[in-house]
Amino acid sequence: MRKKSHQLQWLEEMNQRGELTKEEANIYQRLKLGYKGEVNFDKLCSYFLDKPFPMIDDVTLSYQENILQMDKIIVNDHTITLIDIKNYHGQYTYVNNAWYAQQKLLPHNIYEQLRRAKRITKRLLDDFHINMKVEGVLIFINPQSEITIKDEVAETTLTYEKIPLWLMNLNENYRKCPANGWDTVIQNHTIPSYQTDYICSEKRLAQLKKGIHCQNCGSFDMIQGRYTINCASCGSNEPKDTAYTRTICKYGTIMHHYPLKNKAILQFFGDNYNKIYIRKILKKHFIPQKNIGKKNIQYTNKGCLFEYWFEDSLDYFQKIEQRKLWNNN
Ligand SMILES: [Zn+2]
């Protein structure tokens, strides 16, 4: 599953409950767009590729003090293709080794970033005596972009309309990749993706909106049923267990630098929610860290959203989602 970056998760939650600074809002828009572009490319891949290509999404590699991040890796035969996805819109021109956006020089050369990633990956594989070719593809996923490349470049550059043909070609030329250990080498040098260094202060936390919000429309106007939490604005509902757990994860994301403490979680829910039930859910789904008397129990904070935090127990939550329909009838 492609995950939102930790910084995007944090900004999304902060935006939902409070106000972002101007700088945060800019970064939020950029990350949101980037993520959307990557998801769109994944969709095209699953539509056009039906052969079992090994693929890795969002890889962060570390080798010899170099760190590189790739949006996607596709392996075919003896070739590893590193893919960088840009969701730019507007006019972009590449000339004299530099990128221009509406005639303004861009500070980063995105080809150079891709070349660097190719060099490091190739070096890593060579050092482990793994004979693979490494290629780079730059993808402009936004149909509303106008890309002009005046220089000769070795990297494949695909605008939106060229993606299907490229994928179909890949599909037609499918060959099983060698069992030479390339995947183990990549795996052994993969590091967890960056945690954001954004921190929410206690003061800012106190100003955020409290409680559960609707996962469909974002409204905080929720009606509490016996088994479900129901949105007063759009009418959608969610099992109580899931809604509470999801909200605890939201607190965890915002305050990723702290463990989960009963008191802080209760404050995050506000006065309208059942304190005994919140404690029960914490005990049920979260891992206690240490026990310093009954009052000071704290739980491990994974610092991420519900769908990632509980990716291994989504079965359980899917089951109660189905049961919800019975209870409502
Ligand atoms: Zn709603």
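Observations
- DSSP bridge pairs, the chain: antiparallel proportion in percent, nearest 5: 65 percent
- FRET efficiency, residue 77 to residue 33 (Cβ-Cβ, R0 35 Å, nearest 0.05): 0.60
- Within the accessible surface of the chain, defined with a 1.4 Å probe on protein heavy atoms only, the carbon and sulfur portion equals 49 percent.
- Probe 1.4 Å, accessible area per residue of the stretch 202-328, Å²: 56 Å²
- Tail fraction, Cα-Cα pairs, the stretch 83-207, threshold 20 Å, whole percent: 61 percent
- Nearest-20 debye value, the chain charge dipole, Cβ charges on Lys, Arg, Asp, Glu: 1740 debye
- The stretch 214-329, dipole about Cα centre (Lys/Arg Cβ +1, Asp/Glu Cβ -1), debye to the nearest 20: 700 debye
- Stretch gain in nm, segment residue 55-residue 180, where the contour uses 0.36 nm per residue and the Cα spacing is subtracted: 43.4 nm
- Positive-end residue of 296, 251, 314, charge dipole of the stretch 202-328 with Cβ unit charges: 296
- Formal net charge of residues neighbouring residue 52 (Cβ-Cβ distance under 15 Å; K, R +1; D, E -1): -1
- Along each principal axis, Cα extent of the stretch 6-188, largest first, Å: 50, 38, 35
- Residue 113/residue 3 FRET efficiency (R0 25 Å; Cβ-Cβ; nearest 0.05): 0.75
- Surface analysis of the stretch 6-188 yields an accessible area of 54 Å² per residue, using protein heavy atoms and a 1.4 Å probe.
- Mean Cβ count within 10 Å, highest first, over the residues of peptides 138-148, 104-114: 138-148, 104-114
- Most positive-pole-ward Cα, 131, 142, 173, against dipole of the chain from beta carbon charges: 142
- Environment charge of residue 109, counting only residues whose C-beta is closer than 13 Å and scoring Lys/Arg +1, Asp/Glu -1: -1
- P(r) histogram, all alpha-carbon pairs of the stretch 202-328 included - 5 Å bins from 0, percent: 2, 10, 20, 24, 22, 14, 6, 2, 0
- Take the Cβ atoms of residue 302 and residue 21, set R0 to 25 Å, and the FRET efficiency comes out at 0.45.
- Across the options 105, 27, 236, the greatest Cα extent toward the positive end of the charge dipole of the chain (unit charges at beta carbon of Lys, Arg, Asp, Glu) belongs to 236.
- Angle in degrees between helix 163-172 and the longest Cα principal axis of the chain, rounded to the nearest 10: 70 degrees
- Under 5 Å from the amide H of residue 91 lie the amide H atoms of 102, 146, each residue being 5 or more positions distant or on a separate chain, with H modelled from the backbone and absent for Pro and chain starts.
- Rg to Rh quotient for the chain, alpha carbon positions, Kirkwood Rh: 1.02
- Nearest 10 degrees, 0 to 90: helix 240-254 Cα axis against the chain principal axis: 60 degrees
- Rg/Rh (Cα only; Kirkwood hydrodynamic radius) as it applies to the stretch 135-279: 1.17
- Local charge for residue 323 was computed over the other residues whose Cβ lies under 15 Å away, with Lys and Arg +1 and Asp and Glu -1, and equals 0.
- Beta bridges assigned by DSSP with both partners in the stretch 6-188 are antiparallel in approximately 55 percent of cases.
- Angle in degrees between helix 314-328 and the longest Cα principal axis of the chain, rounded to the nearest 10: 50 degrees
The values are calculated or read from the model by the stated rules, or taken from the named source; none is laboratory data. What you are looking at is a predicted structure, and each value in this text was computed from that prediction instead of being measured. Cβ sites come from the backbone with ideal geometry, for glycine too, and all protein chains shown count toward neighbours. To get the accessible areas, we keep the full protein, side chains included, count just its heavy atoms, and leave off ligands, DNA and RNA. Shrake-Rupley method; radii C 1.70, N 1.55, O 1.52, S 1.80 Å.
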